[in-house]
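S.K.: Below: one structure in structure tokens.
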Amino acid sequence: MPTTATQHELETLLRDDVPYGDLTTEALGIGGEPGQMLFAARDRMVLALAEDAAALIELAGGRAELLAASGAALEKGAPILRAEGTAACLLRSWKVAQTLIEIWSGVASEAAAIVRAARAVRPDITVACTRKNVPGVKQFAVSAVKAGGAVMHRLGLSETILVFPEHRAFLGATPLADVAARLRRSAPEKRLVIEVTGLEQAVAAAAAGFDVIQAEKFTPDDIAALVARIKATATLQVRPVIAAAGGVNAQNAAAYAAAGADVLVTSAPYLARPCDVQVQIVRTQAPH
């Protein structure tokens, strides 16, 4: 089964929670007893990281069977995975696997809610999640975002060109057209993105030849005004992509889509509450 994390990363998760053995299970003397563990959704959710949870259980010594794949929209009570093994391996992996699914399914579910709201108005719109995820777990964030039907905005500073006002602070009075020309000479295969905070800045950036105008904290009305100005500018050879960023969430995504944004840039999924996953563990009969 394909996983997001490597075996080493999964081993690290287990070692973090059970560094020197499971003291309670060992003290009770039940480690060798056979058992079964079933994960199920307590509420509606979009599933994420189920494959990693199953791999983690198997790494602990159990046998896991996936009953739903990451990206699936689950109803309340829907089964996620079933595992068998000794009490020692099931109890060792239980909470780590459960938490992995709960946290990242929360991210996937919120991403899916934003995508659903925006595409109800504009089916071709893209929802892109920022790199403002928890440091050290980017691989999980990327997987959860994709499970929710969104894409990553930027994976990091090394892959894309995005000129922030903070960059322009070091450029002095250099005209935007000269900035764009410098970037095209330095990285001719890259698209040029620029963040702007006002309508006139956005129009100037479009005239300078930037490919994507990232409108930071524009209201839906501001986005509509920008789209209208861009359409009315006859001198533009290519219409730039309009990306609405800053404060985009499931409650306002439809308004931004209706205003004409091509991309919605959001960090909201990373702040989502974890989903609730029910785990039942029972003793089974030992094979004869």
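The values are calculated or read from the model by the stated rules, or taken from the named source; none is laboratory data. Since this is a predicted model, take the numbers as computed values, not measurements. Here the Cβ is made from the backbone with ideal geometry for all residues, glycine too, and neighbour counts use every protein chain on show. Only protein heavy atoms, including side chains, enter the accessible area calculation; ligands, DNA and RNA are left aside. Shrake-Rupley method; radii C 1.70, N 1.55, O 1.52, S 1.80 Å.
S.K.: Considering only DSSP beta bridges whose two residues both sit in the chain, what percent are antiparallel, to the nearest 5?
M.R.: About 50 percent, rounded to the nearest 5.
S.K.: With the contact rule set at Cα under 8 Å and sequence spacing of 6 or more, what percent relative contact order holds for segment 115-158?
M.R.: About 45 percent, as a whole number.
S.K.: Please give the peptides 118-131, 46-59, 176-189, 77-90 ranked by average Cβ packing (other Cβ atoms within 10 Å per residue), highest first, as a rough proxy for protection.
M.R.: In descending order of packing, they fall as 46-59, 77-90, 118-131, 176-189.
S.K.: Just grab the label-to-label distance for residue 276 and residue 8, each label 7 Å out from Cα along the Cβ direction, in nm (one decimal).
M.R.: 3.9 nm
S.K.: In a solvent-free Debye calculation with one equal scatterer on each Cα, what is log10 I(q)/I(0) for the chain at q = 0.08, 0.12 Å⁻¹, listed in the order of the q values?
M.R.: Log-scaled intensity ratios, in q order: -0.45, -0.80.
S.K.: Protein chains only, probe 1.4 Å: how do 8, 167, 153 rank by accessible area, largest first?
M.R.: 8, 167, 153
S.K.: Sticking to Cα atoms, compute the Rg of segment 143-288 to one decimal and its Dmax as the biggest Cα-Cα distance, whole number, in Å.
M.R.: 20.8, 82
S.K.: Give me the orientation-averaged projected area of the Cα convex hull of segment 21-121, in nm², one decimal.
M.R.: Over every viewing direction, the Cα hull of segment 21-121 projects on average to 6.4 nm².
S.K.: Right, next: Put +1 on the Cβ of each Lys and Arg and -1 on the Cβ of each Asp and Glu in segment 161-210; which of 202, 165, 183 then has its Cα farthest toward the positive end of the dipole?
M.R.: Toward the positive end, the furthest listed residue is 183.
S.K.: State the percentage of accessible surface on the chain attributable to carbon and sulfur atoms; use a 1.4 Å probe and exclude ligands, DNA and RNA.
M.R.: With neighbouring chains kept in place, the figure for the chain is 55 percent.
S.K.: Enter the accessible area of residue 17 (Å², nearest 10), with the probe set to 1.4 Å and all protein chains included.
M.R.: 90 Å²
S.K.: Can you give me the convex hull volume of the Cα atoms of segment 134-191, divided per residue and expressed in Å³?
M.R.: Dividing the Cα hull volume of segment 134-191 by its residues yields 120 Å³.
S.K.: Let me ask something else about it. Compute the long axis of helix 199-208 from its Cα atoms, compare it with the longest principal axis of the Cα atoms of the chain, and write down the angle in degrees, 0 to 90, nearest 10.
M.R.: 80 degrees
S.K.: Something else now. Over 16 Å apart: what share of the alpha carbon pairs of segment 229-288 falls there, rounded to a whole percent?
M.R.: So the portion of pairs separated by more than 16 Å is 66 percent.
S.K.: Same structure, new question: What is segment 185-244's relative contact order, in percent, from Cα pairs under 8 angstrom and six or more apart in sequence?
M.R.: 36 percent
S.K.: Could you tell me the ratio Rg/Rh of segment 50-180? Both radii from Cα atoms, Rh via Kirkwood.
M.R.: We get a ratio of 1.15 for segment 50-180.
S.K.: Please determine, in degrees from 0 to 90 and to the nearest 10, the orientation of helix 176-186 with respect to the longest principal axis defined by the Cα atoms of the chain, where the helix direction is its Cα long axis.
M.R.: 50 degrees
S.K.: If you fit an axis through the alpha-carbon atoms of helix 50-59 and take the longest principal axis of the Cα set of the chain, what angle between them do you get, 0 to 90°, nearest 10?
M.R.: 40 degrees
S.K.: Lysines near residue 146 by alpha-carbon distance under 16 Å, same-chain residues fewer than 8 away left out - which ones?
M.R.: 132, 138
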